[in-house]
Amino acid sequence: MSSTGPSGGADAGRAWLPGYVRVLRTADLLAITVAVVAAYLVRFGADDRAVAGALSPTYLVVSVVLVVVWFVALASAHVWDRRILTLGAGEYTAVFTATWRLFAVVAVVAYLAKMDVGRAFLAIAFPLGLALLLLERVVSRRWLRGRRSRGECRTPVLVVGQREHAEGLIREVAADTSRSLGVVGVCVPGGAPERGEQVLGVPVVGNLASAAHAAADVGAQAVAVTGADELTAAVVRQLGWDLEQTDTDLLVAGALTDIAGPRIHVTPVAGLPLMQVDPPRFSGPRYVVKSVADWCGALVLTVLLAPVLLAIAVAVMTTSRGPVFYRQARIGRSGTTFRMLKFRTMVADADAHVDEVMADGRSGLFYKRRDDPRVTRTGRFLRRYSLDELPQLLNVLRGDMSLVGPRPQVASEVALYDRAAHRRLLVKPGLTGLWQVSGRSELSPDESIRKDVYYVENWTLFGDLVILLRTARAVVAGQGAY
């Protein structure tokens, strides 16, 4: 737990944040300027002209206004707010939402003002600008992740609550791959802490009454309140008032885990902030859009990757005896069975030697042997870069699978599911998923299940896009697959 100790973030504090925000603002302005200028030059070249309609500004004026308004829209969406930049990855959603809303506003204003703004101009500016903004954020996040892996640029946080609850929160922070938080101290109920008292390696620096002063002493930028009988509404409210003086954030850790923000709404009732949790959605217009996007995306990828698919098929066929494809019964949505396609990566009679492979005594949910002797030389290469999974694009086109979803399992593994794991069957299995971008075969069975169930409970269309982009990076890295 040393990664969450005092050295995990207090040294950086807020010092790095102003410069980081200035760089992001400059980069955002540059990105939207490049996009608008590129759209202008591609559409009109050096020949400026007036926009047809009741109002007739030149496209040069429209371009300048669009850059300014776009920048203001990003500011209005709080894309540079420290809470978005330091906690989680909400900045991607904020940038995406601000951009498409601006596009919608421009379309409505142009219609009401009877301005015939060129569709080609907008069709270039907005997608290019959004792509540049998101790419820039990906680069900045990678830089930030690298700094955080060295214990820098984290948000130092003080945990307040009973020891057992504090331990749980510290473990969650330590397991967070983003490393956005660094626990620098703990306050527990009772009197003054004993000298050298710790919770999972994190020093106890005070009690509930002294939490605000302790936060200032350890340089905490946020105070995370977790369960304790003594933490009444009045105590938490008083703590919030005390923290206002130091511009320190107050975080209240709920008892619910693995539920994402879009499903959570705080509803004030009789002065009480009640947390309302929306049920996950597995049908309706949003799921129809997901299905259509899956089919269209799979079709485009199949066409683009056709030469690669052909080359792999030839390699499999010429380097080992047996069929090119491996077909296996897998369990899909609602427990239905379908035949999943993969490029064959093992010897032709691999299924007849399962007992020999499992002779080391290990088996169970998701178990894969790293040095499986049945895997061919070509198959090992294909598995490392997940190229053997590409024929599942045909499963997506047939409607058996999605581009993004839980990993498809065989019946014997599904038979081992508990109630939580059965949640995976509420959606179609995916060609890739949260498990694919979080370690693949390196994950423990419990962590694999948790990743899949988290996806099922909290999926979004934008989240699917992020997972697809992260999959490309994970495949190129070739880590965690065997």
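Here are some notes:
- Some residue of segment 176-186 being over 25 Å from residue 16 (Cα atoms) and in contact (Cβ under 8 Å) with a residue 60 or more places away in the chain: no
- Segment 118-133 - residue that is in contact with a helix residue (DSSP H, G or I) (Cβ under 7 Å, 6 or more places away or on another chain) and open to solvent by 30 Å² or more (accessible area, probe 1.4 Å) and, of those, farthest from residue 189 (Cα to Cα): 120
- Any chance residue 441 is buried (at least 21 other Cβ atoms within 10 Å of the Cβ) and either modelled with pLDDT under 85 or in a helix (DSSP H, G or I) (or both): no
- Restricting segment 139-154 to residues that are basic (Lys, Arg) and assigned to a helix (DSSP H, G or I) leaves a set whose member that is most open to solvent (accessible area, probe 1.4 Å) is 142.
- When residues of segment 74-97 are limited to those that are modelled with pLDDT of 85 or more and outside any helix (DSSP H, G or I), the one nearest to residue 250 (Cα to Cα): 81
- Every residue from segment 227-247 that is closer than 22 Å to residue 168 by Cα, out of contact with any Gly (no Cβ under 8 Å at 6 or more places or on another chain) and surrounded by fewer than 20 Cβ atoms within 10 Å (Cβ to Cβ): 229, 230, 232, 233, 235, 236
Every residue, every condition in (1) modelled with pLDDT of 85 or more; (2) out of contact with any Lys or Arg (no Cβ under 7 Å at 6 or more places or on another chain); (3) open to solvent by 10 Å² or more (accessible area, probe 1.4 Å), yes or no:
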{"residue": "397", "(1), (2), (3)": "yes, yes, yes"}
{"residue": "414", "(1), (2), (3)": "yes, yes, yes"}
{"residue": "429", "(1), (2), (3)": "yes, no, no"}
{"residue": "435", "(1), (2), (3)": "no, no, yes"}
{"residue": "456", "(1), (2), (3)": "yes, no, no"}
{"residue": "466", "(1), (2), (3)": "no, yes, yes"}
{"residue": "470", "(1), (2), (3)": "no, yes, yes"}
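- Condition met for residue 224 (closer than 24 Å to residue 16 by Cα, at pLDDT 80 or above, open to solvent by less than 20 Å² (accessible area, probe 1.4 Å) and over 24 Å from the mean Cα position of the chain (by Cα)): no
- Boolean, residue 109 is without any contact (Cβ under 8 Å) to a residue 40 or more places away in the chain, open to solvent by 10 Å² or more (accessible area, probe 1.4 Å) and assigned to a helix (DSSP H, G or I): yes
Each row is one residue, and each column tells you yes or no for (1) of a type outside the set (Phe, Trp, Tyr); (2) touching a strand residue (DSSP E or B) at 6+ places or on another chain (Cβ under 6 Å); (3) closer than 24 Å to residue 462 by Cβ; (4) surrounded by fewer than 16 Cβ atoms within 10 Å (Cβ to Cβ).
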| residue | (1), (2), (3), (4) |
| --- | --- |
| 284 | yes, no, yes, yes |
| 289 | yes, no, yes, yes |
| 292 | yes, no, yes, yes |
| 303 | yes, no, no, yes |
| 306 | yes, no, no, yes |
| 310 | yes, no, no, yes |
| 315 | yes, no, no, no |
| 318 | yes, no, no, yes |
| 323 | yes, no, no, yes |
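- Answer residue from segment 155-179, given it is part of a helix (DSSP H, G or I) and acidic (Asp, Glu) and is least open to solvent (accessible area, probe 1.4 Å) among those: 167
- Given (1) under 22 Å from residue 449 (Cβ atoms); (2) at pLDDT 85 or above; (3) open to solvent by 30 Å² or more (accessible area, probe 1.4 Å), number of the condition residue 331 does not satisfy: (3)
The values are calculated or read from the model by the stated rules, or taken from the named source; none is laboratory data. Since the structure is predicted, the reported quantities are computational estimates derived from the model, not experimental observations. Using ideal geometry, Cβ is built from the backbone for each residue, glycine included, and neighbour counts are taken over all protein chains shown. Ligands, DNA and RNA are excluded from the accessible area calculation, which covers all protein heavy atoms including side chains. Shrake-Rupley method; radii C 1.70, N 1.55, O 1.52, S 1.80 Å.
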